[in-house]
Amino acid sequence: MRIVVIGGVAGGMSAAAKAKRTNKNAEIIVFEKGRFVSYGACGIPYFLSGEIESYESLIVRKPEDFERAGIKVNLNAEVKEIDVKNFNLTVEINGANEKVGFDSLIIATGASSKRLPVEGRDLEGVFTLKSLDDGIAIKDYIKRASVKRVGIVGAGFIGLELIEAFVKQGLEVVSVDIVSSPPPQFDEDMVDFVKEKVEEYKVKTYWGAGIDRIEGADKVEAMVIEGERVPVDMVIFSVGVSPNSEIAKNAGLELSVAGSIKVDERMQTSVDNIYAAGDCTHSYSAVTGKPVYLPLGSLANRHGRVAGTNAAGRLAFMKPIAGTSIVKFFDIGLARTGLTETEAKREGFDVDSVVIKAYDKAHYYPGAGKIKVKLVWNRKDGALLGAQLSGPYMSVKRIDVISSLIIKKASVEDLKAVDLAYSPPFSPVWDPLSIAANQAVKD
């Protein structure tokens, strides 16, 4: 049995490894168009900040590690076409095309960063950040071009991490986002701590503004923002990603939300024995039951395990997700799960919500700080629809409690009854989640 995997990062390599463990006799072949496999992409901002000194530290396993496990890894090998009728691929290796047959196929082609369609976006010094190669190129350019001032377009999760990274490198930072109160993944009433931090670290913000163009003779010299020329030495677009689903579309596979590859709960596409995993595909929401595109490393690894198991002949299912994500921004954190209030209303729910602010530890314990908790629930039956947290960055990991409850279709009454741990270094005697639940049920 031959299982071929297209893509060698989180989804692809977790799929390959799981397929091999599931069927030790299977031939596993991976084609990766880049020069790295199996690395921690989510750690790249910390490499840029200098907190991680070497990009090699982000590499989890090298091709030779997989070779020893019986998995053949081909680097700099781009799959050009999938023939679903004859179950073979056209792969470009060293400038020549080869035909490779398969019994099962796993598509883990990831996603590509977007660039806004503005003049100057292709100048030297304009970057996106998605791959390890991107991170290496950005760090090299900062040194080579003696960058002093960087413009970051987009203030979502990655945009915030980049702001912190470059401030820690001693660079001046200009942040631009069309949203007036980023990050856009949160309701506006949950992001005040972010505004405080950009002011504290003297980040120049143009929030609620659009970028007109990027100027420069041979390389970046300035951004023009709502008519104002703002000098910068480098620009990074951090405005989201698009799934790399073109090869699947060309093969006749069905697409889904955001142009991602359509899959079922076994991660199987619209063609039997062809699976998809990671940022090129979608998950299903535990709140709405609908497909949801959420390109996260944690989900890519889960996708890969399920796809690898099924491709190797056994049965596994990808359960619906709460949609949980978290980000650190200097010494604060933001976390969310389920739907925001805005999203829940858009989905047609009869929404109620509560926002509270409380200490994350006993008020007398050294280092205690304030955390905000927002709960969103269905007024009809009390079912939890989502939650958002902001505050001291370790404190927002509490979001996992709400995520677990949403997966189990729990209510705000259920949250009120949860036996949360108490000790002064960790929580007040009434945990902030309990305070929010009590207010939600008017106790």
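Below are the figures for this structure:
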item: So ASP140, is it in a helix (DSSP H, G or I) and within 19 Å of the chain's Cα centre (by Cα); result: no
item: Test for ALA421: is it in contact with a strand residue (DSSP E or B) (Cβ under 6 Å, 6 or more places away or on another chain), assigned to a loop (DSSP other than H, G, I, E, B) and either of a type in the set (A, V, I, L, M) or exposed (fewer than 15 other Cβ atoms within 10 Å of the Cβ) (or both); result: no
item: From ILE406, ILE399, ILE371, residue being closer than 28 Å to LEU162 by Cα, out of contact with any Pro (no Cβ under 8 Å at 6 or more places or on another chain) and buried (at least 23 other Cβ atoms within 10 Å of the Cβ); result: ILE399
item: Residue in region 61-68 that is in the same structural domain as ALA251 (by TED's automatic domain parsing), touching a residue at least 60 places away in the same chain (Cβ under 8 Å) and surrounded by 19 or more Cβ atoms within 10 Å (Cβ to Cβ) present; result: no
item: Qualifying position, being modelled with pLDDT of 95 or more and more than 30 Å from ILE356 (Cβ to Cβ), among ASP187, ASP140; result: ASP140
item: In region 222-262, residue nearest to SER113 (Cα to Cα) [restricted to those that are without any contact (Cβ under 8 Å) to a residue 40 or more places away in the chain and among the β-branched types (Val, Ile, Thr)]; result: VAL257
item: Sole exception among (1) part of a loop (DSSP other than H, G, I, E, B); (2) crowded, with 24+ Cβ neighbours inside 10 Å for LEU384, by number; result: (1)
item: Within region 1-88, helices (runs of 4 or more DSSP H) holding 2 or more residues that are touching a strand residue (DSSP E or B) at 6+ places or on another chain (Cβ under 6 Å), under 24 Å from ARG302 (Cβ atoms) and aliphatic (A, V, I, L, M); result: 10-22
item: Which numbered condition LEU58 misses (of (1) in contact (Cβ under 8 Å) with a residue 60 or more places away in the chain; (2) among the hydrophobic types (A, V, I, L, M, F, W, C); (3) within 17 Å of ALA277 (Cβ to Cβ)); result: (3)
item: Residue within region 102-124 that is surrounded by 19 or more Cβ atoms within 10 Å (Cβ to Cβ), outside the structural domain of PHE31 (by TED's automatic domain parsing), more than 30 Å from ALA307 (Cα to Cα) and touching a helix residue (DSSP H, G or I) at 6+ places or on another chain (Cβ under 9 Å) present; result: no
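The values are calculated or read from the model by the stated rules, or taken from the named source; none is laboratory data. Note that the structure is a prediction, hence the values are computed from the model and not measured. Heads up, the Cβs are rebuilt from the backbone with ideal geometry, glycines too, and the neighbour counts pull from every protein chain shown.
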